[in-house]
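Enquirer: Structure in structure tokens, see below.
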Amino acid sequence: MSLRIFDTREKHKVDLVPLRPGKLGVYACGITVYDVCHVGHARMLVAFDVIVRHLRASGLDVRFVRNVTDIDDKIIRRAAAEGISAADVARKYEGAMAADMAALGIATPDEEPRATANINEILALIGRLCDQGLAYPAGGDVYFSVGSFPSYGALSGQSPADLQAGARIEIGEDKRDPLDFALWKAAKPGEPQWPSPWGPGRPGWHIECSAMASHYLGETFDIHGGGSDLIFPHHENERAQSEGAFGLGTFARHWLHSGMVTFGGEKMSKSLGNVVNIGRVAETHDLEALRLLFVGVHYRSPVSFEISRDADGRTSFPDLDAAEERLDYFYRTLERIDAAGIPAGDSTSGPVVAPADRTFAAFTEAMDDDFNTAAAVASLYESFVLANKLLDEPKSAPKDVRARTLVRLRADLRRCGETLGIFRRAPSEFLLTRRVRLCQRRGIDPGEIDGAIAARAAARTAKDFSRADEIRNELKARGIELMDTPAGSTWRVV
């Protein structure tokens, strides 16, 4: 099966055929660094992280570029509010963004250009558009002439005629048409500025990505993407600028867009005031569970992220709780396989119990179908269920077949996890961290639990099984599950 993707402009799936055999250029619009990142940002970042991981796992040489917008109206307003420079605001929140990405397991892109480091490229592109009659200066600003680009709206499906009805010219704007948008903004007192042929000023938002994408990937490259909220106007304007400057059919050959995170049925965004910051989630949950929540849904679909509060006003995230419980099941299964005493070097060749023979193939087929992580994760469940059956019922398969199957499952599940960005830690590390976190959230004293387990062990040694069962039941009533192993008893919070 060839790798197929849903092209936003074409409105259907197409075969992904690289512009250059074996190589792929991918650009994703990054973060405007004026505040800390929220769960909505994490959705897009994880989506394209997984997409790039799968493309590379498929044998493609991917050059991935994700920009940082470090000059923008929002950054300037935040600088005024915090009493620091716009550059300091950008560096401050870019650092916070990098920490969030590392915590989420987001791989570093091959290039992460900043808008302010590419002013020359931006000016050259604006100059080219002016020379071709697609842009015009006005009062120190420079505007793109939407009416001069006949295919405007082809990406988003927006009709220029319909857009005209609600468009207006803001006070202080000298543009000829309400739909025209700024490529260069004349300097205002106290704002960051750079010299240009049209006077000192700064770039508009849309032109930044056009300039950086073409500079790092060429006039034409394979994939451009971002969140679906960027389709219009940002990506529509990018396409118009770039194809206007370099010719129709240039710029991105394919467009991919990830779905939004919804809260109470609405898009999560700072403008609506319903955001949950990544750092806030990390206070109570493992961020790998947030990844699992995202990859459990197709990247183009919305992800529900509900928030609930108890009578005491404590906040919880039910959808994330469920994802973390699923991740606990996965890691606990991997720990059981590791503890089964099967050498990692055992051969995987030879017959195995179905569907272990299809784990990686089924996963790859799902991912090749427009990066269908939902179907990919569902296919992994079957393999985890099989692993637990083999561990619970050792005689359910011949000894050599059982061992070979578990070795194969362990290898394939971790291989699939690398693409999804999960299972990247030792199971014991995840499970212990989760137990500590749950104890903190529920006010459980681990030392007290360990003491109860020691008392139970003493009761069993004394053959006081009634007391041992009593202790187990007392712990169970408190949400503590005991697991007896040849090495002793351990426990988890359920």
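The values are calculated or read from the model by the stated rules, or taken from the named source; none is laboratory data. Note that this is a predicted model, so its numbers are computed, not measured. A quick note on method: Cβ atoms are made from the backbone with ideal geometry, for glycine too, and the neighbour counts reach across all protein chains shown.
Enquirer: Having 3 or more residues that are more than 22 Å from the chain's Cα centre (by Cα) and over 23 Å from Glu288 (Cβ atoms) is the bar; report the helices (runs of 4 or more DSSP H) wholly within segment 327-440 that clear it.
Expert: 373-392, 399-420
Enquirer: Can you pull out every residue in segment 456-467 that is under 14 Å from Gly488 (Cβ atoms) and surrounded by 12 or more Cβ atoms within 10 Å (Cβ to Cβ)?
Expert: Arg456, Ala457, Ala458, Arg460
A quick yes/no check of all residues on (1) out of contact with any helix residue (DSSP H, G or I) (no Cβ under 7 Å at 6 or more places or on another chain); (2) in the same structural domain as Glu335 (by TED's automatic domain parsing); (3) not small (Gly, Ala, Ser):
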| position | (1), (2), (3) |
| --- | --- |
| Phe371 | no, yes, yes |
| Leu380 | no, yes, yes |
| Ala397 | no, yes, no |
| Asp412 | no, yes, yes |
| Cys416 | no, yes, yes |
| Arg425 | yes, no, yes |
| Ala462 | yes, no, no |
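Enquirer: Of the conditions (1) crowded, with 19+ Cβ neighbours inside 10 Å; (2) closer than 22 Å to Val36 by Cβ, Lys267 satisfies every one except a single condition; which number is it?
Expert: The one condition Lys267 does not meet is (1).
Enquirer: Oh, and also: When you scan segment 305-317, do you find a residue that is closer than 18 Å to Cys439 by Cα, touching a residue at least 24 places away in the same chain (Cβ under 8 Å) and of a type in the set (Phe, Trp, Tyr), even just one?
Expert: Yes, segment 305-317 has at least one match.
Enquirer: While we're on this one: From the set of residues in segment 226-242 that are touching a Ser or Thr at 6+ places or on another chain (Cβ under 7 Å) and closer than 20 Å to Thr262 by Cβ, which is surrounded by the most Cβ atoms within 10 Å (Cβ to Cβ)?
Expert: Gly227
Enquirer: May I ask you to verify whether Arg291 is in contact (Cβ under 8 Å) with a residue 40 or more places away in the chain, buried (at least 19 other Cβ atoms within 10 Å of the Cβ) and of a type in the set (Lys, Arg)?
Expert: Details: in contact (Cβ under 8 Å) with a residue 40 or more places away in the chain: yes; buried (at least 19 other Cβ atoms within 10 Å of the Cβ): yes; of a type in the set (Lys, Arg): yes.
Here the answer is yes, as Arg291 does meet what is asked.
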